[in-house]
1. Return the only residue of Ala325, Ala372 being at pLDDT 95 or above, part of a helix (DSSP H, G or I) and among the small types (Gly, Ala, Ser).
2. If you take the residues of the stretch 220-256 that are assigned to a loop (DSSP other than H, G, I, E, B), over 13 Å from Ile291 (Cβ atoms) and open to solvent by less than 30 Å² (accessible area, probe 1.4 Å), which of them is modelled with the highest pLDDT?
3. What helices (runs of 4 or more DSSP H), lying completely within the stretch 98-176, carry at least 1 residues that are modelled with pLDDT under 95 and open to solvent by less than 50 Å² (accessible area, probe 1.4 Å)?
4. Has the stretch 198-210 got any residue that is crowded, with 16+ Cβ neighbours inside 10 Å, assigned to a loop (DSSP other than H, G, I, E, B) and either touching a strand residue (DSSP E or B) at 6+ places or on another chain (Cβ under 6 Å) or hydroxyl-bearing (Ser, Thr, Tyr) (or both)?
5. Considering only residues that are closer than 22 Å to Ala31 by Cβ and free of Cβ contacts under 8 Å to residues at least 12 places away in the same chain, look in the stretch 337-348 and name the one that is most open to solvent (accessible area, probe 1.4 Å).
6. Kindly establish whether Glu334 is open to solvent by 70 Å² or more (accessible area, probe 1.4 Å), of a type in the set (D, E, K, R) and within 23 Å of the chain's Cα centre (by Cα).
7. Tell me which residues, restricted to the stretch 272-330, are among the acidic types (Asp, Glu), under 21 Å from Ile243 (Cα atoms) and open to solvent by 80 Å² or more (accessible area, probe 1.4 Å).
Amino acid sequence: MPADKQQPLKGIKVIELGTLIAGPFCARMLAEFGAEVIKIESPDGGDPLRKWRKMYEGTSLWWYVQARNKKSLTLNLRLPEAQEVVRKLVKDADIVIENFRPGAMEKWGLGWDALSEINPKLIMVRLSGFGQTGPYRDRPGFGAIGESMGGLRFITGFPDRPPARVGVSIGDSIAALHGVIGAMMALHNRNMNGGRGQYVDVALYEAVFNMMESVLPEYGMFGLVRERTGASLPGIVPSNTYISRDNKYVVIGANSDSIFKRMMHAIGRSDLAEDPALAHNDGRVARTAEIEQVISGWVAANDLDRVLEVLEKAEVPSGKIYDIADIVSDAHFEARGMIREFKLGDGKPIKLPAIVPRLSETPGETRWVGPALGEHTAEILGSLGYSAEQQQDLKRRGVI
């Protein structure tokens, strides 16, 4: 970033009291755009994400992206001295993010009522499986449960098989993004509209449910329960995944009227392109099987490169299904700078995704990768007035 630019959230102080995905991903995005994020971790191993998936020298590679730009402070939140440190941090904080089970923060004396009394301007983002109220609030709820209760799992997969999961923790990530949006709206209301601080209640299942398109009104109006449809987009034709002659997958979305017409001409089926019964989506839905047979037959008769060449010339949205090797070697990813390389403490290079969204004047940046456990404890406690001797005493008693 040019030296005269500053990040949009510079000066915003965030306290992260969460583990694994939803809360930390929410805080990560704020950190990527300049907020000072202090991540509080247990002295006993820290965030469990540090040990998830593939590791290098004992630390998860996922950790380095999920915790980038954050400061790591170790505190045993079950101890009163650690809780007092949090209260001191909250005095001048803008946002607190937590994703514990409802009631945990209150048990530690760190609930909304307690923290907002310390700092009336505070914004608190609370991410949980089922929200802060309701009969299910006390249940444990990870992303998989939110995806299931929110309706996503039921419609994911093929109709002759059990419901499937998306290949990443999508429910947690959707909830995290809703947390970011809520925090930014609350921050704007506080700063521009003279509002007080407030808390943002994000339930994982509700964040997923919010993404479910027209499933609810279709059920309410017609009693329709949307089912699994595999790789196709239900009720919108044609939009599906096909296999080429060289056994590669291609996604084709020719579902708008003009695009469908262009595609049929391009693959030699002008009869279908000019068929008035297929001019609009409702007519195509009625003949889904016929259209799918035509497209799948054409794709199966050609190698992927030829398929993409024909469809690109006809301006039909289409694309190969990428694996990570395809992504890293792709010219467009490279041109957009989406693959960035950094160095770990021992000099080992590590690839991380670039930061999105892209802001033209105040873009986000990776200032450092995920920190070592407790890397910033002395710095943060020192800023709160704890002497070196006091810090040694806290460490001896297991507080930090």
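The values are calculated or read from the model by the stated rules, or taken from the named source; none is laboratory data. Predicted, not measured: the structure shown is a model, and the values here were computed from it. Neighbour counts run over all protein chains shown; Cβ positions are idealised from the backbone, glycine included. Just so you know, the surface numbers come from the protein's heavy atoms only, side chains and all, with ligands and any DNA or RNA stripped out. Shrake-Rupley method; radii C 1.70, N 1.55, O 1.52, S 1.80 Å.
1. Only one candidate passes the filter, namely Ala325.
2. Once the filter is applied, the top-ranked residue is Ser244.
3. Those helices (runs of 4 or more DSSP H) span 143-149.
4. Scanning the stretch 198-210, I find no residue that is crowded, with 16+ Cβ neighbours inside 10 Å, assigned to a loop (DSSP other than H, G, I, E, B) and either touching a strand residue (DSSP E or B) at 6+ places or on another chain (Cβ under 6 Å) or hydroxyl-bearing (Ser, Thr, Tyr) (or both), so the answer is no.
5. Going through the qualifying residues, I end up with Lys343.
6. Here the answer is yes, as Glu334 does meet what is asked.
7. Asp305, Glu309, Glu312, Glu315, Asp323, listed by residue number.
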